[in-house]
Amino acid sequence: MTRLNWFTFSSPATFYPLAGKCIPWLWAITALFGLSGLFIGFFVAPTDAVQGEGYRIIFVHVPASWMSMLIYLVMAGWAGAGLMFNTRLSYVMAQALAPTGALMAVLSLVTGSLWGKPMWGTWWIWDARLTSELILLFLYLGYMGLHASIDDTRRADKASAILALVGVVNVPIIYFSVKWWNTLHQGASVSLTKSPSMGQTMLLAMLLMTFCFWAYSMAVALIRARAMVLERERYTDWAQQLPEVRRGQA
Amino acid sequence: MNAVWSIVQRDLSLAARRRSEVLTLLFFFLVVTSLFPLGVGADPQLLNKIAPGVIWVCALLATMLGLQRLFAPDLADGSLEQMALVPSPLMGLVTGKILAHWVLCGLPLVVLAPLLGLMFGLPTDALWMLAWSLLLGTPVLSCIGAIGAALTLGVRQGGAMLSLLVLPLLIPVLIFGSGAVTAQLSGLEADGYISLLAALLLLSLTFAPWATAAALKIALE
Amino acid sequence: MNLVAWGSLDAFLTMGGYGLYVWGSFGITAVLMVLEPVLIRQRHRQALQQLAQELRAQEGDAASSPQQEPSVK
């Protein structure tokens, strides 16, 4: 029985085809969970007693928020793995996840605003969750900005990895401090976090949509990772021997 | 400890030859803080309310300015590479640099802030709380700022990038620092905030030199 | 499970008055979650094209000067 080499798929040459096979499955999962989530969300989940039909925004707002936070954690995980094992693919995964995480943060903020406007009359509320989400977006932007501003790829990878780790340690501190800040400045008398007590069908739709967003994020991150691998490994044999490249030649 | 102390002495004596840099920082603090009453109007009650936040934010901005000169001059004249090569652990030397930076850029803010607080009409006990909160908070600014300075060393547009990276990480310090003064103003207990600031200080003193040293090694590769 | 009866298409679209906000949210989500994969696929295709160009250039060199170094491993 051959020993499993944990680093087998940390080689770009083996990662590339494997990721390529996973992506269609991930899209299928995205569609499956998305369609079922939307169906239940719009045709099974009842009207909310307090918020009417407007509450249905949570079916995109909450998955986007959760994803933005999860992706940051996973991104920091890959950054840490890169620093620990010096595997260049780990850095690629971290870089591939960042834009998608930032997108999720933006979606969370936009849908949060669209939810808040009809409910509480303003486009923006400084409640703990939205404010933390905004700061998370700043952290994403900082991570991507730092990598973009350093020309040497290796140095950029490692520096942004350290930043991601510093960020991930800070996130709970930031969240806690923002919650504290929110409770003492009485301006924010309403909170987006006081969501309606969830009926079972509402919860089900939300979970299905979350899985949908999760599969989507993985699919997009893998496509981006494959593109990045090709960009970085342009001068290697394995990349130039790829069937797609050979086909493109004729 | 000797290494740390010698780095502190070195940085302080270097700065003594360029006193204008420290003064520029203080003037920046003064000018930017003064912009707020000019911008929002001189209503004493309003100024009172915004004073803790405004002074704290301006302190953050002033610190950002000073951070750019933390490692860049040493990189330019080659002494940073020397520091990485000597037998003393880089972490210790970095601690020395952070300490010197705080003495030069943080401590003056602590001294000047109560005077600025007077401009906003803060009462005496709030002024003390302002100084106290800044005394605990400015070292944290230096610590976390050092990480950012090391990460952006030699990077184009380093100053703006430094601020973009470091300011979000400093939000808890801002919240607890200005919160302490606001609490004092409202007659509430500020002890919770001070304890949290102290906790942040201990945390950053423990981890920042390590992270900064790691970032410096990457920058020097 | 009890299917929610929307009464009419109109009721579904207006979402009890919240139509703009609900459909705005789902709309922007859909737009961004279509745009992102499209842009990424484009980036991937460009990377492939650049690789093909690189390969052509290298083989062109090898053809014109036979004593060139073998390609990078």
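The values are calculated or read from the model by the stated rules, or taken from the named source; none is laboratory data. In this text, all values refer to a predicted model and were calculated from it rather than measured experimentally. Positions of Cβ are generated from backbone atoms using ideal geometry, with glycine treated the same way; all protein chains shown enter the neighbour counts.
What to note about this one:
- Residues being within 8 Å of the chain's Cα centre (by Cα) and modelled with pLDDT under 95 - total across segment A:94-114: 0
- Only one entry in B:104, B:61, B:80, B:67 is touching a Ser or Thr at 6+ places or on another chain (Cβ under 9 Å) and crowded, with 20+ Cβ neighbours inside 10 Å, namely B:67.
- Complete set of residues in segment C:7-26 that are more than 20 Å from residue A:44 (Cβ to Cβ) and either within 10 Å of another protein chain (Cβ to nearest Cβ) or within 27 Å of the chain's Cα centre (by Cα) (or both): C:17, C:20, C:21, C:24
- Filtered residues of segment C:21-38 (kept if within 22 Å of residue A:216 (Cα to Cα) and surrounded by 15 or more Cβ atoms within 10 Å (Cβ to Cβ)): C:22, C:23, C:24, C:25, C:26, C:28, C:29, C:32, C:33, C:36, C:37
Here's the yes/no breakdown for (1) touching a Cys at 6+ places or on another chain (Cβ under 6 Å); (2) of a type in the set (Val, Ile, Thr); (3) away from chain A (no Cβ under 14 Å):
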position: B:102; (1), (2), (3): no, no, yes
position: B:124; (1), (2), (3): no, yes, yes
position: B:127; (1), (2), (3): no, no, yes
position: B:130; (1), (2), (3): no, no, yes
position: B:158; (1), (2), (3): no, no, no
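- Pairs, first more than 7 Å from every other protein chain (Cβ to nearest Cβ) in segment A:151-168, second surrounded by 17 or more Cβ atoms within 10 Å (Cβ to Cβ) and not in a helix (DSSP H, G or I), C-beta under 9 Å, six or more apart: A:151/B:155; A:156/A:150; A:157/A:150; A:160/A:150
- Enumeration of residues in segment C:44-53 that are at the interface with another protein chain (Cβ under 7 Å from one of its Cβ atoms) and surrounded by fewer than 16 Cβ atoms within 10 Å (Cβ to Cβ): C:49, C:50
- Among the residues making up segment C:27-42, those that are out of contact with any Leu (no Cβ under 9 Å at 6 or more places or on another chain) and either facing chain A (nearest Cβ under 7 Å) or aromatic (Phe, Trp, Tyr) (or both) are C:37, C:40, C:41.
- Answer from B:179, B:137 - the residue that is farther than 16 Å from residue B:109 by Cβ and among the small types (Gly, Ala, Ser): B:179
- Selected residue [assigned to a helix (DSSP H, G or I), under 30 Å from residue A:150 (Cα atoms) and either among the polar types (S, T, N, Q) or at the interface with another protein chain (Cβ under 9 Å from one of its Cβ atoms) (or both)] from B:139, B:168: B:168
- Hits in segment A:53-86 (condition: within 12 Å of chain C (Cβ to nearest Cβ), touching a residue at least 60 places away in the same chain (Cβ under 8 Å) and not hydroxyl-bearing (Ser, Thr, Tyr)): A:54, A:58, A:59, A:60, A:62, A:63, A:64, A:67
- Residue C:63 of a type in the set (A, V, I, L, M, F, W, C), surrounded by fewer than 12 Cβ atoms within 10 Å (Cβ to Cβ), more than 7 Å from chain A (Cβ to nearest Cβ) and in a helix (DSSP H, G or I): yes
- Of the residues making up segment A:145-181, those that are over 26 Å from residue B:219 (Cα atoms) and buried (at least 22 other Cβ atoms within 10 Å of the Cβ) number 3.
- Unique match (being assigned to a helix (DSSP H, G or I), closer than 21 Å to residue A:142 by Cβ and among the aromatic types (Phe, Trp, Tyr)) among B:207, B:176: B:207
- Segment A:36-52 - residue that is within 9 Å of another protein chain (Cβ to nearest Cβ) and under 27 Å from the mean Cα position of the chain (by Cα) and, of those, modelled with the lowest pLDDT: A:45
- Residue that is surrounded by the fewest Cβ atoms within 10 Å (Cβ to Cβ), among those in segment A:119-144 that are touching a residue at least 24 places away in the same chain (Cβ under 8 Å) and not in a helix (DSSP H, G or I): A:126
- Evaluated against (1) surrounded by fewer than 19 Cβ atoms within 10 Å (Cβ to Cβ); (2) modelled with pLDDT of 95 or more, residue B:134 falls short on exactly one condition, (1).
- Of all residues in segment B:172-202, those being facing chain A (nearest Cβ under 9 Å), under 30 Å from residue B:219 (Cα atoms) and surrounded by fewer than 21 Cβ atoms within 10 Å (Cβ to Cβ) number 1.
- For segment B:4-33, a residue qualifies if it is surrounded by 15 or more Cβ atoms within 10 Å (Cβ to Cβ) and of a type in the set (Ser, Thr, Tyr), and exactly one does: B:33.
- Of residues in segment A:220-248 being more than 7 Å from every other protein chain (Cβ to nearest Cβ) and more than 14 Å from residue A:88 (Cα to Cα), the one surrounded by the fewest Cβ atoms within 10 Å (Cβ to Cβ): A:243
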